[in-house]
1. Please compute the length gained on full extension between residue 222 and residue 49, using 0.36 nm multiplied by the number of residues separating them and subtracting their Cα-Cα distance.
2. How high is the relative contact order of the chain? Use alpha-carbon pairs under 8 Å, at least six apart in sequence, and give a whole percent.
3. Here is the link list: 53/83; 282/329; 176/329; 176/256; 174/256. Which ones come out longer than 21 Å on Cα distance?
4. Here are some pairs, 277/374; 49/75; 142/212; 225/388; 49/95; which of them have Cα atoms lying more than 23 Å apart in this structure?
5. Report the net charge of residues surrounding residue 113, where surrounding means a beta-carbon distance below 13 angstrom and charges are Lys +1, Arg +1, Asp -1, Glu -1.
6. Name the residues whose placed amide hydrogens come within less than 5 Å of the amide hydrogen of residue 62, ignoring near sequence neighbours (fewer than 5 apart) on the same chain.
7. Suppose we keep just the alpha-carbon trace of the chain; what are its Rg and Dmax in angstrom?
8. Which value in deg cm²/dmol, rounded to the nearest 500, describes the helix-derived mean residue ellipticity at 222 nm for the chain, given -39,500 (n - 2.57) per DSSP H run of n ≥ 4 and division by the residue count?
Amino acid sequence: MKNIYINIMILFLLLCSCKEEYVGQYPVDDIAPQQISEPVVENMEGKVKISYKLPNETDLLYVKAVYKNTLGNIKEERASVFKNELYIYGFGKSKKQTIELITVDRSQNESAPLYIEIEPLDSPIYKIYESLNVYESWGGIKMIWENLLNEQIVVEVYKKEEDEFIDLETIYSKEKEGSGAVRGLDTIPQKFCIFIRDIYQNYTDTLITILKPLFEVKLPSNEFKELPLAPGYAASAWSNGWNKLWDGIATGDDSKYYLSAGDPKPYFTVDLGHIYKLSRTKVWGRTNYAYSLHNPRYFEFWGTTDFNSVKDPANWDGWVRLLECESHKPSGNESTVVTAEDKAYAEAGEEYEFPDDVIPVRYIRFRCIETWTKTNALHLNELSFWGKAIE
């Protein structure tokens, strides 16, 4: 009983000794700093820039703006003493409001607020929405838009069936020339609802359109056959095999096709098993080396139905170039630095549509023109084709 009492007392003393520690400099005075002066407001799309002159205060810490966001909530934005300007982000539709600018010193004393009027322009999402173009495509719909300020946006796509909205796709993008697609839909007229929002929860109106996706099927890879490589070309010792191109595993390092070659334009040939009119293809580079090493940057697809053109793997007579492709890096960064958006884009696979007048083919050649680091080898994680069979 005595031991229990002692343990309880120790626990009580420990709890009493635990208190939240103050972070930062302890106050040394209670003198409020002076206000900023000569404020200049620049109203911009969805944001405001405020320039000002800082007061002559030796212990000044930061300047803060107190304002209402689009949702009507009171928010703060701060700028350090090393700057003479402050940005406020996240506005939706243009609207005047009066905000407070307050200086704060190291003792956490605040100046009297300086009241100024702002009137930010409409958020960029509304211009982006006006540029939005939606049209029927293979197995679904495709969307393109202009995002001239490279704002981070979210495109939400729903399908309406009776009184129910079905979430089809959420696309995150900040590219100047944005695009997205929804695939795998039935070839029947369907009602689509599309809107754009930003990261501050501002929303555009909803675009409602009825479209009929174009018919296509995914080509059955179990009918594909590997054809011989041309002399001088060989699968690398690091390759996991040709069949890994079609195993449905698009990421990771244990499911890759790796081609070594002395020629700067390595290629390989596939027998699709039947004659098809191709609609689109999707390509996954080696995702853990995205935008580097032997991942293709510029490449081509060639095709033919003539078996005589295929007998000699080094022969190019009778082959027709079907599609020229360029791998896309959303960040636009030419270095080997890969952003989170780059990584997500690479892991989702890059999609390319064949032209409407593409010839029917049975045999396909994937030809690498240049890798991201200008090497003479090639590696891929996965490759898929869609289209329709020609009887």
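Every number here is computed from the coordinates shown, using simple stated rules; none is lab data. Being a predicted model, the structure only gives us computed values, none of them experimental. Every residue, glycine as well, gets a Cβ built from its backbone with ideal geometry; the counts of neighbours run over all protein chains shown.
1. Values: separation 173, 0.36 × 173 = 62.28 nm, distance 5.88 nm.
Residue separation times 0.36 nm, minus the Cα-Cα distance, leaves 56.4 nm.
2. Once divided by the residue count of the chain, the mean separation gives 13 percent.
3. Working: 53/83 10 Å; 282/329 15 Å; 176/329 12 Å; 176/256 32 Å; 174/256 30 Å.
The pairs that break the limit, which is 21 Å between Cα atoms, are 176/256; 174/256.
4. Values: 277/374 32 Å; 49/75 16 Å; 142/212 12 Å; 225/388 18 Å; 49/95 15 Å.
Beyond 23 Å: 277/374.
5. Details: positive: 64; negative: 76, 100, 110.
That sum, taken over residues with Cβ under 13 Å, equals -2.
6. 104
7. 29.9, 98
8. On the way: 3 runs with 33 residues, N = 391.
Value at 222 nm, helices only, nearest 500: -2500 deg cm²/dmol.
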